[in-house]
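Peer 1: Below is a structure I'd like to ask you about.
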Amino acid sequence: MVIFSGIQPTGRKHLGNYIGAILQYVEGQDRADPAIYCIVDLHGTTVPYDPAELRQRTRETAALLVAAGLDPERCILFRQGDVPEHTELTWLLSSVTSVGQLNRMHQFRDKAGAARDRVSAGLLYYPVLMAADVLAYRAHEVPVGEDQREHIELMRDIAVNFNKRFGETLVVPEGNIPKVGARVRDLKEPEKKMSTTGGTPAGTIYVDEEPESIIKKFKRAETDSGREIVRAENKPGISNLIEILAVARGVAPEAVEADFEGSGYGDFKRAVGEEVAAWLAPVRERYLELREDTDAIEGIFATGAEKARAIASEVVADVREKMGVGPVRTPA
């Protein structure tokens, strides 16, 4: 089984990224053959950005992944822009992707807003590039957060459409969305997901944040009416904290509910903050060591890109052959 996922280099990585994606990446290393992960710097060019910051954030994101437990000897970790097969496959797959599908994507509508006619074409094409990222490796599983479900459905449609038109070539992937913590919520506005752009600074926990700051934010987290520490639709704040602590402890949410039965919200919030801060501390410490070692990170990227291209180039060659692009492929 092949696992593939990509992660944006824009912005500091928060607890939602860590629980919804990064932990899955680490777990997938021992299940896949191979597990392939990339820092999607090309996706970062679809909105206004600073080139120097994009490069820096790309290296920092790789450092964080390694600090969290990714081992370049057990997986393929690379920078998307180092593998040109992604962009070629994006163009080839555009022939089986409708403009209507892209216009209906929630992420495009949300980011474009009222300025839809003025945003970059890259933002509209973002989901096709995301599909190419995955389909280039004939990946079977894509670990993502709940908010990426729509993109998974589109890439599945693209693969199915291609195979129907040109013959069986691409693997139709499945999304792997965690059952607990798939949508970590903002601590101050729990009706929203935790986000570096759409969330609140006081409600966002960063993986590289100092422990004291993490504890303070949890202590000030918004809760709900009543005193019961249970998950319920009318208790988004407490439900969020229960799921976060369950992931940090590696237990079921029911175990957290049982452990804090009869406790008050104040004690519960303090306990969650302290445990999450301790849980993230080793990752933070390792990340701070790695992020300044540019040569080591670039070495990981170079090795990973070589391995990735060896796989993706074969898939793109198959796609070109089926589509009649370029000369007839000569058997090896």
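Since every read-out is calculated from the coordinates, none of them should be taken as a lab result. In this text the structure is predicted, and so the values were computed from the model without any measurement. Using ideal geometry, Cβ is built from the backbone for each residue, glycine included, and neighbour counts are taken over all protein chains shown.
Peer 1: Would you kindly calculate the mean projected area, averaged across all directions, of the convex hull enclosing the Cα atoms of the chain, in square nanometres?
Peer 2: Averaged projected area of the chain's Cα convex hull equals 18.1 nm².
Peer 1: Still on this model: Among K179, K307, K188, which one shows the biggest mean-square fluctuation in a GNM of the chain, springs joining Cα atoms closer than 10 Å?
Peer 2: It is K179.
Peer 1: Against the longest alpha carbon principal axis of the chain, how many degrees, from 0 to 90 and to the nearest 10, is the axis of helix 121-135 turned?
Peer 2: Taking the Cα atoms of the chain, the angle to 121-135 is about 80 degrees.
Peer 1: Straight-line reach only, C-alpha to C-alpha below 28 angstrom: list the lysines that K322 could link to, leaving out same-chain residues fewer than 8 apart.
Peer 2: Leaving aside lysines fewer than 8 places away in the same chain, those within reach of K322 are K164, K307.
Peer 1: A further question on this structure: If you stretched the chain out fully between A232 and D50, how much longer would it get, using 0.36 nm times the residue separation minus the C-alpha to C-alpha distance?
Peer 2: The A232-D50 span can extend by a further 61.3 nm.
Peer 1: Any chance you could give the angle, 0 to 90 degrees and rounded to 10, that helix 265-290 forms with the longest Cα principal axis of the chain?
Peer 2: The angle comes out near 40 degrees.
Peer 1: Note the angle between two axes, namely the Cα long axis of helix 149-166 and the longest principal axis of the Cα atoms of the chain, as a number of degrees from 0 to 90, rounded to the nearest 10.
Peer 2: Roughly 20 degrees, rounded to the nearest 10.
Peer 1: Sticking with this structure for a sec: To make sure I understand the rule: partners must be aspartates and glutamates, Cα under 14 Å from the Cα of K216, and not fewer than 8 residues away in the same chain. Which ones qualify?
Peer 2: Within the straight-line cut-off, K216 pairs with D267, E274, E275.
Peer 1: Now a separate question. Count the DSSP beta bridges whose two residues both fall in the chain, then state the antiparallel fraction as a percent rounded to the nearest 5.
Peer 2: 15 percent
Peer 1: Among all the lysines, which ones have a C-alpha under 27 Å from K217's C-alpha, if same-chain residues fewer than 8 places away are not counted?
Peer 2: K13, K179, K188, K192, K193, K235, K269
Peer 1: Okay, next question. Can you report the principal axis dimensions of the stretch 201-289 using only the alpha carbons, biggest first, rounded to whole angstrom?
Peer 2: That works out to 43, 26, 20 Å along the principal axes.
Peer 1: So how many Å³ per residue does the convex hull of the Cα atoms of the stretch 245-291 work out to?
Peer 2: Enclosed volume per residue, from the Cα hull, is 66 Å³.
Peer 1: Do you know the relative contact order of the stretch 201-289, to the nearest whole percent, from alpha carbon pairs under 8 angstrom that are 6+ apart?
Peer 2: 39 percent.
Peer 1: If you don't mind, another one. Return F4, F301 ranked ascending by Cβ neighbour count within 10 Å, so the fewest neighbours appear first.
Peer 2: Neighbour counts put them in this order, fewest first: F301, F4.
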